[in-house]
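Below is one structure; the comments refer to it alone.
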């Protein structure tokens, strides 16, 4: 079941996507160097949602394919002439 993974993708997107606009938002209490350091440190967190979404889609596809192979029998899913353990 991949519902928890999709929930995690949504939560990460809501939490970290606002950091994409870090440099456009004024921060009067920080120096220019501080803004740059904080922006660069938080920027990788923005990538979590798309990366988790890609991993979830790959897992979902793999499970769907595995389910079809299991339904028709594992031996039938191998090409002709390939021996199984």
- Message: Calculate log10 I(q)/I(0) of the range 3-63 for q = 0.27 Å⁻¹, where I(q) comes from the Debye formula with a single equal point scatterer on each Cα and nothing for solvent.
- Response: -1.05
- Would you work out the relative contact order for the range 1-51, in percent, from Cα pairs under 8 angstrom that are 6 or more residues apart? 55
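All of the numbers you see were taken from the coordinates with simple rules; none came from a lab. All figures in this text were calculated on a predicted structure; none of them were measured in a lab.
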